[in-house]
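The next block holds one structure in the form of structure tokens; read it before the comments.
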Number of protein chains: 2
Amino acid sequence: MNATDAVHPMWLPAGATAHLAGRTVAVVGEAPLADTVRGEVRSAGAVSEGTPDVVLGTATALEAAGITAPSAPEAAESFAIGRRDGVTVVSARDAAGLLYGWFALVRLGAAALDDALVDTPHSPAHAVRMLDHWDNVDRHEVMGQIERGYAGDSIFFANGRVRDELSRVAEYARLLASIGVNRVAVNNVNVHRREARLLTDDLDELARIAAVFRPWGIRLHLSVTFASPILLGGLDTSDPLDARVASWWAEATHRVYATIPDFGGYLVKADSEGQPGPFAYGRTHADGANLLARALAPHGGMVHWRAFVYNHHQDWRDRRTDRARAAYDHFTPLDGLFDDNVVVQIKYGPMDFQTREPVSPLFSGLNRTRQALELQVTQEYTGHQLHAVYLGVQWAEILRFRPFGDAGPALGSLVRGGLAAVSNVGDDVFWTGHPLAQANLYAYGRLAWDPDADPLAILDEWIGLTFGTDETVRATIHEILDDSWRVYESYTAPLGVGFMVRPGSHYGPDVDGYEYTPWGTYHFADRDGIGVDRSVATGTGFAGQYPEPWRTAYERPETTPDELLLFFHHVPYGHRLHDGTTVIQHIYDTRFAGLAAVERKRDAWAAIAGRVPEAVFARVSERLDEQLRSAREWRDQLNSYFLRKSGVPDAKGRTIY
Amino acid sequence: MNATDAVHPMWLPAGATAHLAGRTVAVVGEAPLADTVRGEVRSAGAVSEGTPDVVLGTATALEAAGITAPSAPEAAESFAIGRRDGVTVVSARDAAGLLYGWFALVRLGAAALDDALVDTPHSPAHAVRMLDHWDNVDRHEVMGQIERGYAGDSIFFANGRVRDELSRVAEYARLLASIGVNRVAVNNVNVHRREARLLTDDLDELARIAAVFRPWGIRLHLSVTFASPILLGGLDTSDPLDARVASWWAEATHRVYATIPDFGGYLVKADSEGQPGPFAYGRTHADGANLLARALAPHGGMVHWRAFVYNHHQDWRDRRTDRARAAYDHFTPLDGLFDDNVVVQIKYGPMDFQTREPVSPLFSGLNRTRQALELQVTQEYTGHQLHAVYLGVQWAEILRFRPFGDAGPALGSLVRGGLAAVSNVGDDVFWTGHPLAQANLYAYGRLAWDPDADPLAILDEWIGLTFGTDETVRATIHEILDDSWRVYESYTAPLGVGFMVRPGSHYGPDVDGYEYTPWGTYHFADRDGIGVDRSVATGTGFAGQYPEPWRTAYERPETTPDELLLFFHHVPYGHRLHDGTTVIQHIYDTRFAGLAAVERKRDAWAAIAGRVPEAVFARVSERLDEQLRSAREWRDQLNSYFLRKSGVPDAKGRTIY
């Protein structure tokens, strides 16, 4: 296919279902989602008449039809796959499981029809697997149509309203269903004036999107502003304890459900970076979240309430205030006060989607609250989809983190509210700007379903679906992506200190760019050393927000993992890491190595010219060139900055400008 | 008056002509500009019948009428004032001189009618005294309607075209005439697509502006793009040596003069910051400028050709390239090759309107070329009209600089092409955002007429005209403005090193903001020292572009004026200035002193509440608060940056964060 002629199919090109073409596939039972699967069967070139090669059905339907089947897990959306008498049987708990079972057959490839196939149950780790779009209806004068979007304009909105033509949304819904995503919030959490009105004025239009999502098992969510009763209802307050406010929300929500019966719920950014919230009325975030929860509860809806609350007017001179502490300080006193249909949505780290942060202590600080882990698929701080950075490896590391130590649960199972992530998709012909950034969307869905999955196995699965069976292509893309997150880390901000990006855009280096700003994001580099002392003994006390064993580990430089050293400690440039290298030499070494790695990746890609579609090759080539240019800028600016400041020459005598 | 009700009258309130009210003023002779003066006479409440207290006329007209008069200088636009038999007589060389003579009477106040008045000749130092507006017709998505404008939108353009209502332009023209400005370029030197079309599509509209200017002795100029033959003429080239291009310009210019017979000429920014120019065709800037000059010459028009040509894609790693050298290197080889009606317009310093730079060596490098000195009234790098900064003091220092040493001419007389400056005016009710920024516009006009004038006397004149006779008000405004340029310098970039502003906006501190960018504006601060070595012996050689005595003076730190030390030399923080203070201690001391001075200025203004119009008081108060906040930010960020980098504590033990 030629990407200049048609939208790229992502991981579902015709080749992905080639093993099912011509086969007889029976779908047993009646349900709207069963019809969706029937449509997939037809699209794959399979037939429904004749002796089946594959049978799919809900457990109930299969039993009624007298078909023996592997046992589907009890959980909603689950399914099991197995072979019975030379037939592959998918037994699903419900119609959604049927859909997910179908896509499992797609992923399996030829193995799906092999007698060696053993019975395998599949069950999502979490009921809610969500994508958040930061799409605006109108173009924002600074942020554009999609805030932190690097792949064109919104697929939902154009010309100040919902698009007339939603075929792109339908393709997207199918892609999301194939990786298990079942909720989508369609608009930006920073809810501007026009977007506020989606809640009231655009319900019929939103219903059109919901109708496109529905056959793919996806429920529509909406970001709303806490000031809606004022902005939309003409009230003089949005105080959550005011009865008029509660009744306004109840009525508005009633109207939403009258139009969209399976509406998912509200996503709210309150008292955060200028968004309105309950603080204006002296109320807590539990008061605020419960207000919306009670409007939604009668209809089965939920509230995603973001924990991203901090002072973004901090005085950089004030070294006692620590933004990293903010979410924990705000939310732990409220533990147990949130209604059941509230999910507190917590960014993975205490700052803001940096390439490397510790896992937020709020996850272990809330024990009687449903939490969702929020990840960022869109590459705000990780190269704007101009740099090839496979984030699956980062997310797997986060999901496997054990907040209470080895004996406790992994984060991936702790977050009862499931996962949410900011989408990286726009109307770009490749959906994601960088074609290789499709892997991140894919990995997000797969990890949300199974947080224990191996991110490199997921990547391999994505490569096979997207690029087919060319082993040279497979090996090359692994070479580019497998270690790409750590390579990106190695040429950007060092040792967990974060930021050092250009203010505003968050692309490219500016070591001091955020150093004297109100954003609370500092590195405190001086001629002697660098880093933020967050210890209990001498610092901001942030380390003390963790339970054992982490509070002890993070308290001292010696027991802090190197990659987080500067997040937790201010150390001299001569401080030695666990491998004996000094901090300053580590900075130089990793920056030189990082750039060299990008050069190798670019060369590796160049060598597969002709083996991937021309448009994909050209787009990736162009982005790798930019990644190389940018990585060189990072290397040289950081090395120059730290040489000028520390005065310590590179032990290996390389050129530092 | 209440500024919320009406546009502020700047320095021509009713009170400014109170001494002429009720007097008999005779204007002798016929000319359109004489009628303008008659209108002024009426507006001032003077009468024309009866025995005159004042007589104004051209020398010829006075002689014909048998009126004895002081002798007017020979130069165009000149006049003389004197007393004859109890009558004040203004004798003008021409009708423009009549107009300027009238406003001289206004400035004189009661002294204009005093028998002590002695004969005084007035003659402009330069025939061309120009203001350049960086106004766009459309709103630019980054720069807004006025590039580097801090006083609202354009008074010329609205809704994508010339304003229907030009009464504000008429007021402006009168104000400009009163200070001797006689040329106005109405649009931005960065000529965007819409603005390019002014030259062809909007001539009738521009003619309306020219008609408003004409009675005030002002000629309209236009910024044009060098690519006009391509953009507007449909040619495939704008090569200055291509006959089709020359003929396109000749015809386009002919049409301009057919519509605006007194059109002034073209202003061109070519091969500069992305604007097209002759380099694309391998031609010189003399080829480019002469192309336009020859189209204009038959009509008496002139070209202002900017010398602001440099590489804005410099690699910061490259320490041999020096942006400061660029204008000299580009233009001195062309000396003598420009047509007579070309003026090479040179920014006062070699960089870009910094608070402190050396005077550009290009002025002494061109000896057979008409040069104009370009100043910036709009406060791009000097506080955005939020900080009170009286630039007259800076300009006077520049104008008095003697490029060839004490025995040679001052810059103010060297620039045969006159002066040009970027206007600070918009549709703000105070015209200039900060009411005290009106003083800069006033001073520019007065210094363009007389470069030797004392800038503090000009300021005093402006205060009297604008605020009247309250001596407390007069003293307070002097306290705020007299030393305000040096105070601004004292809390911003130190010792001539420049920049350290936020990239893009150029407001507020960001010490490293431009340090690793392509703009060629670096300070090279490291843990040991700071500054740019521009010596011949060890640096970029820029100092060698000056003739003696400056090349020798600037070559060594010991003989370089302290205020330019870091522009010319990289020195250790312990380097001692001429007063014995170290560079680092100077940085600390001046920043503390600068902030304290702003505090005193704010307090001084607060003390005259009730003595100035309420709206003026409120606006100035609000801006002084912002200046104080911003100055504190400058002080603390710079001190913190240099303490962190140098490790040298403040000798006086003050708080550095």
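Quick notes on this one:
- Only residues that are in a helix (DSSP H, G or I), of a type in the set (D, E, K, R) and open to solvent by 20 Å² or more (accessible area, probe 1.4 Å) were counted across the stretch A:194-211, and they come to 5.
- Inspection of the stretch B:62-74 finds no residue satisfying the criterion of being more than 18 Å from B:H122 (Cβ to Cβ) and in contact with a Leu (Cβ under 7 Å, 6 or more places away or on another chain).
- Among the residues of the stretch B:600-656, the ones that are more than 18 Å from B:A525 (Cβ to Cβ), within 14 Å of chain A (Cβ to nearest Cβ) and assigned to a loop (DSSP other than H, G, I, E, B) come to 2 in all.
- Unique match (being over 30 Å from A:G101 (Cβ atoms) and in contact with a Leu (Cβ under 9 Å, 6 or more places away or on another chain)) among A:S228, A:S247: A:S228
- Applying the condition of being of a type in the set (G, A, S) and farther than 16 Å from A:A196 by Cα to the stretch A:257-271 and asking which residue is most open to solvent (accessible area, probe 1.4 Å) yields A:A258.
- Candidates B:E141, B:E195, B:E205, B:E165: the one that is farther than 29 Å from B:D450 by Cβ and in contact with a Lys or Arg (Cβ under 9 Å, 6 or more places away or on another chain) is B:E205.
Residues are listed down the side, and each one gets a yes or a no for (1) more than 28 Å from A:G513 (Cα to Cα); (2) open to solvent by 30 Å² or more (accessible area, probe 1.4 Å):
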{"position": "B:A596", "(1), (2)": "no, yes"}
{"position": "B:K601", "(1), (2)": "yes, no"}
{"position": "B:A609", "(1), (2)": "yes, yes"}
{"position": "B:E614", "(1), (2)": "yes, yes"}
{"position": "B:F617", "(1), (2)": "yes, yes"}
{"position": "B:D636", "(1), (2)": "no, no"}
{"position": "B:N639", "(1), (2)": "no, no"}
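- Contacts under 9 angstrom Cβ, first residue in the stretch B:328-343 being in the same structural domain as B:G365 (by TED's automatic domain parsing), partner of a type in the set (A, V, I, L, M, F, W, C) and open to solvent by 40 Å² or more (accessible area, probe 1.4 Å), 6 or more apart: B:D339/B:A297; B:D340/B:A297; B:N341/B:A297
- Matching residues in the stretch B:341-355 - criterion: being under 15 Å from the mean Cα position of the chain (by Cα) and not acidic (D, E): B:Q345, B:I346, B:K347, B:Y348, B:G349, B:F353, B:Q354, B:T355
- Screening A:E563, A:E489 for residues that are open to solvent by 40 Å² or more (accessible area, probe 1.4 Å) and away from chain B (no Cβ under 14 Å) leaves exactly one candidate, A:E563.
- Residues that are at pLDDT 95 or above and either of a type in the set (K, R) or open to solvent by less than 10 Å² (accessible area, probe 1.4 Å) (or both) number at least 3 in the following helices (runs of 4 or more DSSP H) confined to the stretch A:375-485: A:392-400, A:438-449, A:455-467, A:471-481.
- Residues that are farther than 19 Å from B:L220 by Cα and open to solvent by less than 50 Å² (accessible area, probe 1.4 Å) within the stretch B:148-193 comprise B:R148, B:G149, B:Y150, B:A151, B:G152, B:D153, B:G160, listed in sequence order.
- The set of residues in the stretch A:74-100 being open to solvent by 20 Å² or more (accessible area, probe 1.4 Å) and within 18 Å of A:L117 (Cα to Cα) consists of A:R83, A:R84, A:D85, A:G86, A:V87.
- Among residues that are among the charged types (D, E, K, R), under 21 Å from A:Y310 (Cα atoms) and outside the structural domain of A:A96 (by TED's automatic domain parsing), A:E205 is not included.
- Test: residue in the stretch A:152-164 that is more than 21 Å from the chain's Cα centre (by Cα), among the aliphatic types (A, V, I, L, M) and more than 16 Å from A:L206 (Cα to Cα): no
- Unmet criterion (only one of (1) touching an Asp or Glu at 6+ places or on another chain (Cβ under 7 Å); (2) more than 20 Å from B:D85 (Cα to Cα)) for B:T24: (2)
- Yes/no for A:P518 being open to solvent by 10 Å² or more (accessible area, probe 1.4 Å) and within 16 Å of B:S640 (Cβ to Cβ): yes
- In the stretch A:524-534, residue nearest to A:D315 (Cα to Cα) [restricted to those that are surrounded by fewer than 23 Cβ atoms within 10 Å (Cβ to Cβ) and within 11 Å of chain B (Cβ to nearest Cβ)]: A:F524
- In the stretch A:28-48, the residues that are in the same structural domain as A:E63 (by TED's automatic domain parsing) form Cβ pairs under 6 Å with partners that are surrounded by 13 or more Cβ atoms within 10 Å (Cβ to Cβ) and of a type in the set (S, T, Y), at six or more places apart or across chains, as follows: A:G29/A:T58; A:A44/A:T17; A:V47/A:T24.
- Number of positions in the stretch B:560-585 that are more than 30 Å from the chain's Cα centre (by Cα) and part of a helix (DSSP H, G or I): 3
- Only one entry of A:H523, A:H578, A:H569 meets the criterion of being more than 30 Å from A:T476 (Cα to Cα) and free of Cβ contacts under 8 Å to residues at least 24 places away in the same chain, and that entry is A:H578.
- Residues in the stretch B:495-511 that are more than 14 Å from A:V511 (Cα to Cα), among the hydrophobic types (A, V, I, L, M, F, W, C) and part of a loop (DSSP other than H, G, I, E, B) were compared, and the one that is nearest to the other protein chains (Cβ to nearest Cβ) is B:M500.
- Residue-level check: of (1) among the hydroxyl-bearing types (S, T, Y); (2) away from chain B (no Cβ under 11 Å); (3) part of a loop (DSSP other than H, G, I, E, B); (4) touching a Ser or Thr at 6+ places or on another chain (Cβ under 6 Å), A:Y514 misses just (2).
- Filtered by the rule that a residue be acidic (D, E) and closer than 30 Å to B:A6 by Cα, the stretch B:595-654 gives B:D603, B:E614, B:E622, B:D625, B:E626.
The values are calculated or read from the model by the stated rules, or taken from the named source; none is laboratory data. Everything quoted here is computed from the prediction, not taken from an experiment. Heads up, the Cβs are rebuilt from the backbone with ideal geometry, glycines too, and the neighbour counts pull from every protein chain shown. Only protein heavy atoms, including side chains, enter the accessible area calculation; ligands, DNA and RNA are left aside. Shrake-Rupley method; radii C 1.70, N 1.55, O 1.52, S 1.80 Å.
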